[in-house]
Amino acid sequence: MQNISKSFGSQSAVESMSLTIKDSSFVVLLGPTGAGKTTTLRLIAGLEKPDSGKVTIYGRDVTHETPAQRDVAMVFQQYSLYPHLSVRQNLAFPLKSPVLKTPKAQIEKKVDAVAEVLHISHKLDNKATELSGGEMQRVSIGRALVRDPAIYLMDEPLSSLDAKLRADLRLELKRLQSELGATVLYVTHDQIEAMTLATEVGVLNGGELVQFGTPREIYESPSSLYVATRLGLPRINTLPADLFPAAPSGARTLGLRPEHIAISEGTAADGQAARVTRVERLGDQTRLHLKLTGHKVITLADAHSTVKVGDALTIQLKDPLYFDRDGARVERGNK
Amino acid sequence: MIEKPIERVAKATPTGMARQIKGLSDKAVAWLFVGPTIFLLLAINIFPLIWTINLSFTNFRANRPNREVEYVGLRNYERILTDSDTWLSMQATAHFLFWTLLLQVLIGFALAWLINRKFRGNDVWTTIIVLPMMLSPAVVGNFWTFLYQPQIGLFNYVVSFFTGVDPSSFDMLGSVDLAPWSIIIVDTWMWTPFVMLICLAGLRSIPDYIYEAAEIDRASKWRQFWTITVPMVLPFLMLAVLFRGIENFKMFDLVVQLTGGGPGSVTEMASINLKREAFEKWRTGYASAFAIILFVTVFGLASIYVKALNKVKER
Ligand SMILES: Nc1ncnc2c1ncn2[C@@H]1O[C@H](COP(=O)(O)OP(=O)(O)O)[C@@H](O)[C@H]1O
Ligand SMILES: [Mg+2]
């Protein structure tokens with residue numbers, strides 16, 4: 001996809017975005033609501049015509065082709081099932097395309113297999129409207145999975161499912177993708193999905209692709225403050241850069257993730273003093289809310305930490321991130 | 001203490017009325033409201049029906065109210081069902097029903113489909129197409145008799161323009177072969193817009209994203225039409241057929257205006273036949289029995305049809 005732009009009236013939805021998706025990769029676009037995720041997918045699918053730029057699939061320029069010619073599968077954000085058909089018929093619909101000429105027995109086998117994976121076998125003969133939201137979404141994922149397209153496009157497919165199912169399906173999707181060697185472009189606002197599923201993550205902001213790289217790269221060396229705040233739980237803490245010594249020149253903001261913070265109890269010579277204001281015990285970990293010379297900092301401690309509210313701690317930094325006035329990353333190497 | 005609704009009503013009503021309403025239970029008030037409606041319904045629908053059933057077993061003649069009325073048992077029914085005229089009129093009705101429904105469904109759906117493709121000025125076209133439906137059947141029947149005039153009629157002229165036959169060589173209303181078609185044409189002209197409107201509602205109820213999904217699923221336009229458009233509009237279409245079917249089963253006004261049942265009795269449909277028996281021959285008992293038979297027929301057909309309709313909707 002090269003230099004794609006699309007605007008609706010004066011509202012620009014996607015701005016000169018360029019993106020190359022390698023064969024068999026699982027690319028996740030991460031961005032908040034309104035970032036242009038859906039529009040990006042629709043542009044690739046051919047449901048929207050770009051104002052400028054072009055889309056190529058395997059080197060073939062498909063900008064002016066219909067969705068059917070492009071051979072893409074898409075899972076829509078609102079489960080767009082065929083309401084008058086049963087679940088089985090919904091799943092079989094793409095396979096019955098005359099382009100494919102799939103034999104009947106094979107259609108049945110494929111539908112059953114996909115239903116199995118998505119745990120909807122028992123609902124196969126239900127009408128599409130007689131399903132819960134989660135089931136509908138699974139059918140709509142299934143309708144893409146029965147196919148073997150050039151690329152799977154998925155628009156927040158898991159966002160309407162409950163937590164357990166979401167975690168299960170996340171693993172299942174990942175497994176299927178690597179098994180089939182499928183190429184997937186997946187958009188979400190959920191950073192956990194992005195981190196767990198992706199071979200590459202693209203971060204969207206206001207219709208622009210602000211960073212593209214492996215989940216590790218994006219997490220460990222975000223190119224901007226915006227990208228840094230999109231990833232990581234608890235969210236990265238942002239403090240004025242001059243709170244600690246040794247800030248590189250030009251740095252305005254200091255970004256602290258829990259792993260950038262070393263805590264020692266009591267007061268120590270070097271480091272900043274902080275006070276515990278709240279302790280959240282989440283079972284597998286403990287979240288500490290600290291007050292550091294008037295700034296709030298949230299960090300993690302281990303599950304059995306004995307820290308109590310009111311305790312005084314000392315904080316030392318381990319390779320934190322620095323950002324300049326515009327939020328761009330400032331490298332630390334040259335002090 | 002929580003106020004009962006009736007107490008709230010009583011409080012909000014002027015004292016005079018409140019005094020009267022107080023003391024009545026909610027149920028009594030409810031009956032007070034539906035009572036008049038139920039009374040009217042009984043008086044103008046149910047009672048005449050029962051009275052007609054009663055009359056259908058007699059030899060009563062409305063033009064001789066003083067003559068003694070005899071109960072004749074099922075003889076009226078027997079005579080109707082063995083009368084060949086009855087069957088001819090039923091056949092005329094069936095022929096008319098079949099062709100009007102078929103033409104109106106096909107043309108109405110096609111028009112709706114065309115109108116639904118979002119082109120410029122489609123709302124103007126909708127208005128124009130819907131116009132015939134808004135006219136009174138009496139007016140429509142009247143001016144079509146002029147259109148059907150062999151010498152000066154526009155209809156004959158248009159037909160001759162396209163086919164080259166002499167316009168005065170055929171008479172739509174006067175010919176035994178053409179007269180049934182003359183009514184079918186007028187009814188189709190007048191009521192196709194109704195079917196179109198209902199189909200349009202059906203088409204508009206199909207969300208765009210369904211077509212987008214189908215597009216992605218590589219369904220051709222042809223396949224989208226048959227697997228999405230048609231099945232999803234079908235319940236609407238069947239509803240239109242139900243309305244038109246019941247309406248046309250008792251088709252009366254256009255026939256009276258156009259052919260009056262003639263020539264001979266080729267356009268004498270059941271309702272025309274019934275009117276003749278009741279108000280020309282004054283065989284009230286016989287006509288009542290005929291009316292009951294027609295009623296049962298429509299009712300039976302409609303119930304079977306509604307069952308089918310519900311099945312389609314459930315699918
Ligand atoms: N059909 C449309 N008409 C007008 N504006 C649209 C349309 N689709 C999307 N937009 C606008 O484009 C922007 C991006 O939308 P979208 O791609 O749906 O975001 P996301 O999927 O990331 O939530 C939003 O500001 C939205 O209001
Ligand atoms: Mg979206």
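Couple of notes before you dig in:
- Boolean, B:Trp226 is of a type in the set (A, V, I, L, M, F, W, C) and surrounded by fewer than 22 Cβ atoms within 10 Å (Cβ to Cβ): yes
- Of all the listed residues (A:Leu233, A:Leu225, A:Leu209), the sole one being within 20 Å of A:Leu292 (Cα to Cα) and either modelled with pLDDT of 85 or more or surrounded by fewer than 21 Cβ atoms within 10 Å (Cβ to Cβ) (or both) is A:Leu233.
- The listed residue being outside any helix (DSSP H, G or I), within 14 Å of chain B (Cβ to nearest Cβ) and in contact with a helix residue (DSSP H, G or I) (Cβ under 6 Å, 6 or more places away or on another chain), out of A:Leu91, A:Leu81, A:Leu100, A:Leu95: A:Leu81
- Any hit, region A:79-87, residues being in contact with a Phe, Trp or Tyr (Cβ under 8 Å, 6 or more places away or on another chain), under 30 Å from B:Leu234 (Cβ atoms), within 16 Å of ligand 2 (Cβ to nearest atom) and among the small types (Gly, Ala, Ser): yes
- Per-region count, region A:20-35, residues among the acidic types (Asp, Glu) and either within 16 Å of ligand 1 (Cβ to nearest atom) or within 14 Å of another protein chain (Cβ to nearest Cβ) (or both): 0
- Any hit, region A:159-174, residues being in a helix (DSSP H, G or I), surrounded by fewer than 18 Cβ atoms within 10 Å (Cβ to Cβ) and in contact with a strand residue (DSSP E or B) (Cβ under 8 Å, 6 or more places away or on another chain): yes
- Hits in region B:153-164 - residues which are part of a loop (DSSP other than H, G, I, E, B) and surrounded by 12 or more Cβ atoms within 10 Å (Cβ to Cβ): B:Gly153
- Within region A:53-61, none of the residues are without any contact (Cβ under 8 Å) to a residue 60 or more places away in the chain, within 10 Å of ligand 1 (Cβ to nearest atom), in the same structural domain as A:Gly207 (by TED's automatic domain parsing) and surrounded by 20 or more Cβ atoms within 10 Å (Cβ to Cβ).
- Criterion (within 12 Å of another protein chain (Cβ to nearest Cβ) and more than 24 Å from the chain's Cα centre (by Cα)) met by exactly one of A:Arg70, A:Arg60, A:Arg42: A:Arg70
- Test: residue in region B:192-203 that is surrounded by 20 or more Cβ atoms within 10 Å (Cβ to Cβ) and within 14 Å of another protein chain (Cβ to nearest Cβ): yes
- Those helices (runs of 4 or more DSSP H) of region B:202-270 in which at least 2 residues are within 23 Å of B:Asn310 (Cβ to Cβ), considering only elements entirely within it, cover B:230-249.
The values are calculated or read from the model by the stated rules, or taken from the named source; none is laboratory data. Note that the coordinates shown come from a computational prediction; the quantities given were computed from them, not determined experimentally. As a convention, Cβ positions derive from the backbone with ideal geometry for all residues, glycine included, and neighbour counts pool all protein chains shown.
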